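Working notes for the structure below.
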Number of protein chains: 4
Amino acid sequence: MIIAIKPGTAGAEVQEFAAQLEQQGVRVHFSEGIRQTVLGLVGDTTGIDADALLAHHLVEKVIRVQEPYKRANRLFHPADTRIDIAGPDGETRRIGAGYLGIIAGPCSVETREQIIGISQAVKNAGAAFLRGGAFKPRTSPYSFQGLGSEGLDLLLEAKKVTGLPIVTELMDINHLEAFADVDIIQIGARNMQNFTLLKELGRCDKPILLKRGYACTITEVLMAAEYVLAGGNDQIILCERGIRSFDNYTRNVLDLSAVPALKKQSHLPVIVDPSHATGLSWMVSAMAKAAVAAGADGLIIEVHNNPEKALCDGEQSITPETFASLMVTLKKYADIEGKKI
Amino acid sequence: MIIAIKPGTAGAEVQEFAAQLEQQGVRVHFSEGIRQTVLGLVGDTTGIDADALLAHHLVEKVIRVQEPYKRANRLFHPADTRIDIAGPDGETRRIGAGYLGIIAGPCSVETREQIIGISQAVKNAGAAFLRGGAFKPRTSPYSFQGLGSEGLDLLLEAKKVTGLPIVTELMDINHLEAFADVDIIQIGARNMQNFTLLKELGRCDKPILLKRGYACTITEVLMAAEYVLAGGNDQIILCERGIRSFDNYTRNVLDLSAVPALKKQSHLPVIVDPSHATGLSWMVSAMAKAAVAAGADGLIIEVHNNPEKALCDGEQSITPETFASLMVTLKKYADIEGKKI
Amino acid sequence: MIIAIKPGTAGAEVQEFAAQLEQQGVRVHFSEGIRQTVLGLVGDTTGIDADALLAHHLVEKVIRVQEPYKRANRLFHPADTRIDIAGPDGETRRIGAGYLGIIAGPCSVETREQIIGISQAVKNAGAAFLRGGAFKPRTSPYSFQGLGSEGLDLLLEAKKVTGLPIVTELMDINHLEAFADVDIIQIGARNMQNFTLLKELGRCDKPILLKRGYACTITEVLMAAEYVLAGGNDQIILCERGIRSFDNYTRNVLDLSAVPALKKQSHLPVIVDPSHATGLSWMVSAMAKAAVAAGADGLIIEVHNNPEKALCDGEQSITPETFASLMVTLKKYADIEGKKI
Amino acid sequence: MIIAIKPGTAGAEVQEFAAQLEQQGVRVHFSEGIRQTVLGLVGDTTGIDADALLAHHLVEKVIRVQEPYKRANRLFHPADTRIDIAGPDGETRRIGAGYLGIIAGPCSVETREQIIGISQAVKNAGAAFLRGGAFKPRTSPYSFQGLGSEGLDLLLEAKKVTGLPIVTELMDINHLEAFADVDIIQIGARNMQNFTLLKELGRCDKPILLKRGYACTITEVLMAAEYVLAGGNDQIILCERGIRSFDNYTRNVLDLSAVPALKKQSHLPVIVDPSHATGLSWMVSAMAKAAVAAGADGLIIEVHNNPEKALCDGEQSITPETFASLMVTLKKYADIEGKKI
């Protein structure tokens, strides 16, 4: 940690301030410049609050050299983390460390027929996981909020029928028990900094699919993961799903540079959601391919047998036919990138 | 609601589509252009899902003419909403409809001495409410997370001593019972779209101070309020506290145009938090004055007796002396604006 | 164009307003809603100023249904535009309509040895065009501003030696004559809305590589192209090079969804600059591959033989060896996408 | 300047790198941490290119402690700069250093009657300068581009009639001669980083009103000013006019924190344009007052006698009556802030 002292501060004051800092267990190096002194703090600075330092009357700037996350940091965990999940059919699906895990399914579970039909279609096309929303976060209280526990039951039935492990979103920590047979718990973008929820998930033994908040930095994504990791749960899949920008051509801007960025900073697998990011079904295939080319460890794609009648987000769902055709191309891309699909 | 049909669509197809729409309880008007047909939907369109329409193969664009919020909409509730809160001293404090409510206090409750001292200081300077964090949302799991229920007890003691009603943040809906004597429940920016929490707050009978998410639009703020209003709780105070931008000179960009915007769209009172928005104590007074000039119904300001030793966000806290001096100027501004402080 | 009239407006006033509009050569359709009237304008609305309408006291909202660009619009020019450029070696290089054009070279021309060396290296690796900056737009007046006309001469020499057509940035319209032997004129992101410059380029007969301004929308990019097209020059290559966001992990956020977006809206070829977008050399290959997967018609990549000694932007340049290795993979991707490289 | 060396670098390599740095005229201090070494560069680092350093294989991060601007920096010029301009009536108008300069007038000059009428009205209300556009930067090549030199002539006539100094936008450096009698040359947001233009303005002896680019940081605004200052022209007025964000309720987000920020970093006067920032006439007064409260040295406001018939940007213009009424309130605010209007 680097502290720039305000120009014109007396040497004795700086000495005294440095002595206070050293009482917090770090060593302090001095760089005396022409106009100002710069202090370098050496040792474990994670316990030192940069915000509090900034309030000090001698301090002009505080600069962190080390990242504020530890367990998520690749520096201390160089090998890629791989998430392994066995389906009810006994087969193990993998995400990360050379495995490209494809998650597909409808935005919302609507009917038994719909979810079973789609799950079989995506399985046949090569998807490794089934997604489907039972509890839906909707901007409007007047919009369809998902089928709730009935939707969860239908999803579990589809799991049994197809053998695919399932991914669904948790919005309320009190539902955790009901999610006992869910394979991957999804945390939505709007809850990425719901710290109360993250702490609870740290105590749970299920893989967490953590979606990037739509205005969260790379560091904030990793700090959110750190909350879960700090609680003892190290099965986390990060997910880029678009960030806010000044343009509204697409719903969000898919930030594919987040893929190499997160993978450089962290050992956790990183997947991409081209459906929510763009909000435009005709753009999903292009961005799915781009995600794989950028190094993603997986994809989560909305597939609906009848997008025009979907109860939510139909405009971003592709049909099973388009999905099957996309999978053919994705396999070629995975091959070039040396990844197993 | 306006629907632009894709150029080149056959008239019969458009007729059939319009007939389907009319089955949803609206009337459809046709504008046949040179290159494309535009449909106008007349009637109550709040039940029609624009997203689902967009997925239809005939549809090019869907444009909402009416706002998606009802209870928060000034159109249906022209008069300003005023929030009245009686302190334990029997005096009633007000926010909105001509009353400028000033909320002040430390970021975090730290010690009995600290919170009592600050609360007396801000009361003497003219604050109407005491703020203080007991449960703190922190980006890092390793940062000070607040004193929790002990902090809440100290805050309640300060309330008794000074007579000031208190404002504090709720992060976990399971804490609601413990907040029985809290006067205004604050919902932080990161929870503004925690819909599970918002629904519960709709059933509660306390005023809610709803902070704008740092990347949420004016419409989204009002939709979050709508969740609470739809549940039956109409005591909501909106709070602008800065939005994310490309510049990091200030922590966030304080969007003061949100004040006239929210007040035009809605009857709910709107206050401003210059401390969290800027993150810079030396900028707080300038932005507090600007907020009042822009038409704010109140302010929430961080005041700390010893910002250099504050356990969180010291760099954005002003001293009781600065606060007292600011209040003198704010009273002059309120006077010009015809507001009671 | 759709005009929502303010609720409560008298019918006679609306009629009179509609009559005024019809005098501007459009027909007006009425949709009378429960709370408000909506007008649909039919005919050529490009001459009608939406801003001026908004100022009218009866008008609440104005919504454009048609895009404001014509010559850049794919609707009126369905076939892809292809840019063909013959090098001094007699060979023709192509961008667009199935051709993936790769432009490579250093940020700045520095020495004869450097530019000749790099141009030979990138040619050998398969690049079709040589890039190099002679006049450099720099944020600081104290930074290296490029070699100017001496740099241009060196670039022209490299063109002769290798046979590669060259791309270089024009900052001052008064330099146009000196650019007589430049093959593609690059307009930088900061000049994308320099309308004075764009108008002049419309009169010039050279292909223009128009870089997206770092905070410009898809529509604004196409309106900038429209300025050039309206002047008579239809040889335009659009270039996505990153947009501003709240995160600064990468210099900008490479918006790859702009590739399918621009190509859907327009017939003009779209290339991507992964070097300036990310500002990080280790990320260039991943994003270059992703750009091709997303459908780009070309790439512009910074290659420097000695990035550590580069006079500008060294941190984003890859070495000739990395470039050669990237080209091998890009050819496989182009093959899958059915593009010639 | 602080350089964090990559963890695991051998000491000898760091020594050698430091020796290279010292050859560039700075001294290098070492802070040897547990995991990495941090170098502090002491002396004049403005000549050292941070970008080039970042490309070095030993370097992990480079952090500037000093600001990259010198002449614009308040550190080296503590006193406020004041711009004094004498009108043809012999009276001197002032902006900065305690003077609140109000600039008002129409977006575009349209007719003799219009510009003379408005200029008299704004003068009577207390404006110190007349604004009016002759050459207009428009997003669309098909929009009204201003009356050009005819507009300039009308503006000069209004100057003569009212005695008010005039402010108008320069888009083309070749027009400089024609601007001989213009009092303040405005550079629009889209040209803020047109470095070719900025260099030329550095050689001119007229005050420059430099509008902040809509996605430019505080530092970039000051670097643009530095281009002009470096050329020898020290009469610069900075202007905040809104930045881009994810919300489009207002055209841009007026960033009023830029006022105290720019004034802390620089001695140059800072004014605010509430008309272009918000794009909404009904919001102009609120934001104008807020700007003065935030410490602005002036305002530039669009006033049009007939906003409904304005040839551009009518929706953001206020009437002379509203302007006169606003001025009455602004005088009270200026009084509280101790500024002369």
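The values are calculated or read from the model by the stated rules, or taken from the named source; none is laboratory data. In this text, all values refer to a predicted model and were calculated from it rather than measured experimentally. Because the Cβ atoms are built from the backbone with ideal geometry, glycine has one as well, and the counts that use them run over all protein chains shown.
Annotations for the structure displayed:
- Residue that is within 14 Å of chain C (Cβ to nearest Cβ), modelled with pLDDT of 95 or more and under 23 Å from the mean Cα position of the chain (by Cα), where the choices are D:278, D:319: D:278
- Conditions (1) at pLDDT 95 or above; (2) surrounded by fewer than 20 Cβ atoms within 10 Å (Cβ to Cβ); (3) among the charged types (D, E, K, R); number of the one not met by residue D:123: (2)
- The combined condition, being more than 14 Å from every other protein chain (Cβ to nearest Cβ), exposed (fewer than 14 other Cβ atoms within 10 Å of the Cβ) and under 22 Å from the mean Cα position of the chain (by Cα), is not fulfilled by residue B:104.
- Per-region count, region A:272-284, residues touching a helix residue (DSSP H, G or I) at 6+ places or on another chain (Cβ under 6 Å) and surrounded by fewer than 24 Cβ atoms within 10 Å (Cβ to Cβ): 2
- Test: residue C:232 is at pLDDT 95 or above, more than 8 Å from every other protein chain (Cβ to nearest Cβ) and under 24 Å from residue A:243 (Cβ atoms): no
- Residue in region C:226-248 that is closer than 21 Å to residue C:76 by Cα and of a type in the set (Lys, Arg) present: no
- Region C:63-89 - residue that is in contact with a His (Cβ under 9 Å, 6 or more places away or on another chain), buried (at least 16 other Cβ atoms within 10 Å of the Cβ) and not basic (Lys, Arg) and, of those, farthest from the other protein chains (Cβ to nearest Cβ): C:81
- Residue list for region C:290-310, filter: within 8 Å of another protein chain (Cβ to nearest Cβ) and under 19 Å from residue C:123 (Cα atoms): C:307
- Per this entry, residue B:214 is not counted among residues that are closer than 25 Å to residue A:251 by Cα and in a helix (DSSP H, G or I).
- Residue D:213 vs. criteria surrounded by fewer than 22 Cβ atoms within 10 Å (Cβ to Cβ) and either among the small types (Gly, Ala, Ser) or modelled with pLDDT under 95 (or both): no
Table: residues versus (1) among the aliphatic types (A, V, I, L, M); (2) modelled with pLDDT of 95 or more.
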| residue | (1), (2) |
| --- | --- |
| D:132 | no, yes |
| D:136 | no, no |
| D:139 | no, no |
| D:155 | yes, yes |
| D:158 | yes, yes |
| D:169 | no, yes |
| D:174 | no, no |
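- Residues located in region C:242-251, provided they are more than 7 Å from every other protein chain (Cβ to nearest Cβ) and surrounded by 24 or more Cβ atoms within 10 Å (Cβ to Cβ): C:242
- Among residues of region D:185-218, those that are touching a strand residue (DSSP E or B) at 6+ places or on another chain (Cβ under 6 Å), within 13 Å of chain C (Cβ to nearest Cβ) and β-branched (Val, Ile, Thr), counted: 1
- Residue D:143 being hydroxyl-bearing (Ser, Thr, Tyr) and closer than 26 Å to residue D:332 by Cβ: no
- Of the criteria (1) at pLDDT 95 or above; (2) of a type in the set (Ser, Thr, Tyr); (3) buried (at least 21 other Cβ atoms within 10 Å of the Cβ); (4) farther than 30 Å from residue D:65 by Cα, which one residue D:266 fails: (4)
- Scanning region B:316-334 for residues that are in contact with a Lys or Arg (Cβ under 9 Å, 6 or more places away or on another chain) and not small (Gly, Ala, Ser), we see that the one that is nearest to residue D:257 (Cα to Cα) is B:316.
- Residue in region A:137-154 that is among the β-branched types (Val, Ile, Thr) and closer than 26 Å to residue A:242 by Cα present: yes
- Residue under evaluation residue D:138, criteria (1) among the basic types (Lys, Arg); (2) closer than 25 Å to residue C:139 by Cβ; (3) under 24 Å from the mean Cα position of the chain (by Cα); (4) within 14 Å of chain C (Cβ to nearest Cβ), criterion not met: (2)
- Options B:261, B:224; residue that is away from chain C (no Cβ under 14 Å), of a type in the set (A, V, I, L, M) and over 23 Å from residue B:287 (Cα atoms): B:224
- Selection status of residue D:287, crowded, with 24+ Cβ neighbours inside 10 Å and without any contact (Cβ under 8 Å) to a residue 40 or more places away in the chain: yes
- Residue A:51 vs. criteria touching a helix residue (DSSP H, G or I) at 6+ places or on another chain (Cβ under 6 Å), within 9 Å of another protein chain (Cβ to nearest Cβ) and not aliphatic (A, V, I, L, M): yes
- Restricting the search to strands (runs of 3 or more DSSP E) fully inside region A:1-91 and requiring at least 2 residues that are closer than 26 Å to residue D:78 by Cα gives A:2-5, A:27-32, A:37-42, A:59-63.
- Region B:34-48: number of residues that are facing another protein chain (nearest Cβ under 7 Å), surrounded by fewer than 18 Cβ atoms within 10 Å (Cβ to Cβ) and over 24 Å from residue B:227 (Cα atoms): 1
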